[in-house]
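The values are calculated or read from the model by the stated rules, or taken from the named source; none is laboratory data. Since this is a predicted model, take the numbers as computed values, not measurements. Ideal geometry is used to build each Cβ from the backbone, glycine not excepted, and the neighbour counts take in all protein chains shown.
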């Protein structure tokens, strides 16, 4: 029929065969280049603007414009509703039951971290340990807030499965952290999952 006649003509006419093979090759190359180009472009944009995949939560915005909008909204809400709360001296740790000496120690850590930042001195590391649900994450977030730092949280259990890519992903986190204008407190939950291996 028509298909058999078309194939016979294609195989016997050299010009049509060259055009068909060339067109199919160009189409395949175009699809591949478009797909790879989009992947590389998105990776570049994400590297510049986005947060690393290991970061589960952060006070830094993924993209600059939404971050600017959220900062304006945060200032407005703080001015409108938070002024009364701040004037009463709320610590932000109302939901955590702490021994008074531990509460003072956390306040001192936040103040020392703020002083370190203002004097541009090297920061010290902190290790919080204890059973789940005792407020370690909340305390780390509060120390970052009181000291004027951005914070980011990651989970150690996400690092171990990466194998050889783990080092690259950790470098991505530190490169991303350097973009913070305020400085960044990195909280690694369950750090023993990858630091002990």
Report task. Looking for whichever is within 28 Å of residue 149 (Cβ to Cβ), at pLDDT 70 or above and assigned to a loop (DSSP other than H, G, I, E, B) here; the options are 61, 53, 91. Which one fits? Result -> 53
Report summary line: Filtering region 171-197 down to residues that are in contact with a strand residue (DSSP E or B) (Cβ under 6 Å, 6 or more places away or on another chain) and in a loop (DSSP other than H, G, I, E, B) yields 180, 182, 190
Query raised in the report: on the phi > 0 side of the Ramachandran plot and buried (at least 16 other Cβ atoms within 10 Å of the Cβ), is that true of residue 183?
Result: yes
Query raised in the report: Just to be sure, is residue 39 under 25 Å from residue 169 (Cα atoms), outside the structural domain of residue 168 (by TED's automatic domain parsing), in a helix (DSSP H, G or I) and at pLDDT 55 or above?
Result: yes
Query raised in the report: If residue 197 passes every condition in (1) within 21 Å of residue 133 (Cα to Cα); (2) modelled with pLDDT under 90 but one, which one does it miss?
Result: (1)
Report summary line: When residue 196 is run through (1) within 15 Å of residue 52 (Cβ to Cβ); (2) surrounded by fewer than 16 Cβ atoms within 10 Å (Cβ to Cβ), the failure sits at (1)
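Rundown of residues vs (1) part of a helix (DSSP H, G or I); (2) at pLDDT below 90; (3) surrounded by 11 or more Cβ atoms within 10 Å (Cβ to Cβ), yes/no style:
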residue	(1), (2), (3)
103	yes, yes, yes
129	no, yes, no
132	no, yes, no
138	yes, yes, yes
141	yes, yes, yes
145	yes, yes, yes
154	no, no, yes
169	yes, no, yes
Report summary line: Taking first residues from region 7-35 that are without any contact (Cβ under 8 Å) to a residue 12 or more places away in the chain and second residues anywhere that are in a loop (DSSP other than H, G, I, E, B) and surrounded by 10 or more Cβ atoms within 10 Å (Cβ to Cβ), the pairs with Cβ under 9 Å that are 6 or more apart or on different chains are none
